[in-house]
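*Asks:* Would you mind keeping the following structure in view while I ask a few things?
What follows draws every value from the coordinates through simple rules; no lab data is involved. Everything numeric in this text was worked out from a predicted model, so none of it was measured. FYI the Cβ positions are ideal-geometry reconstructions off the backbone, even for glycines, and counts take in every protein chain you see.
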Amino acid sequence: MTRILAGGLGAIMLITAGWFFWIGQADTQVEIPAPPPEPAELPKEPELPEADIAGLVGPKPPEATELTREQRRFARYDRNFDKRITRTEMLSSRTKDFKKLDVDGNNLLTFEEWAISTSKRFEKADRNSNGELDAAEFATTKQKRKKKPACKC
């Protein structure tokens, strides 16, 4: 009985394989496309129309509104322009300063890293090396504002 079943299954498998082979051969027999037409046979493109535009005036371009100082500051923080500032957007402006303080680069600011940075800043400001800052020395620790360019080139 098993031999009969095995023989029947083998015959079905051979018929199926032959059918797939025959279908696969049919797909490979494709007609060769006709060659493209000669350049002389191509249709000409229509010429662009000409118009007399003397005296015609187009619409006025839209006026750009001047942003207030507060609107510009808001736009600097709003990175994705959704008119809302998330905590991540607010903190992103401080990333460069944080990376300067994070000496070992592990994204954790320890007290030692902060203290080293502050000590270096203090030593740089203390010109007479007496361990104290007078008013003139302390004034040198103020952050310097970047000059704005004369033109917006």
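*Asks:* Here are some values of Kirkwood radius over Cα pairs in Å: (1) 17.1; (2) 27.4; (3) 15.3. Which one was computed from this structure?
*Replies:* Read-out from the structure maps to (2).
*Asks:* Could you derive backbone 3J(HN,Hα) for region 83-100 from the dihedral phi with the Karplus parameters 6.51, -1.76 and 1.60 (θ = phi - 60°), listing whole Hz in sequence and x where the residue is Gly or Pro?
*Replies:* The phi angles translate into 6, 9, 10, 8, 4, 4, 5, 5, 7, 5, 6, 9, 4, 5, 5, 5, 5, 5 Hz.
*Asks:* Helix 2-28: angle to the longest alpha-carbon principal axis of the chain, degrees 0 to 90, nearest 10?
*Replies:* Long axis of 2-28 versus the principal axis of the chain: about 70 degrees.
*Asks:* Further question: Would you compute, from DSSP H runs of 4+ residues alone, the mean residue ellipticity of the chain at 222 nm, taking -39500 (n - 2.57) per run and dividing by the full residue count, rounded to the nearest 500? Mind showing how you got there, number by number?
*Replies:* Working: 6 runs with 69 residues, N = 153.
Mean residue ellipticity, 222 nm, calculated: -14000 deg cm²/dmol.
*Asks:* How large is ³J(HN,Hα), in whole Hz, for each residue of region 65-82 in order, when computed from phi with the Karplus curve 6.51 cos²θ - 1.76 cosθ + 1.60 and θ = phi - 60°, using x for Gly and Pro?
*Replies:* Once θ is set to phi - 60°, the couplings for region 65-82 become 8, 7, 7, 6, 4, 5, 5, 5, 5, 4, 5, 5, 7, 6, 5, 9, 6, 9 Hz.
*Asks:* What list of ³J(HN,Hα) values in whole Hz, one per residue of region 107-120 in order, does the Karplus curve 6.51 cos²θ - 1.76 cosθ + 1.60 (θ = phi - 60°) give from phi, with Gly and Pro shown as x?
*Replies:* 6, 10, 9, 8, 5, 5, 4, 5, 5, 4, 4, 5, 5, 4
*Asks:* Also, I was wondering about something else. Projected onto the charge dipole of the chain (+1 at Lys/Arg Cβ, -1 at Asp/Glu Cβ, origin at the Cα centre), which of S129, P35, I4 gives the Cα projection farthest towards the positive end?
*Replies:* S129
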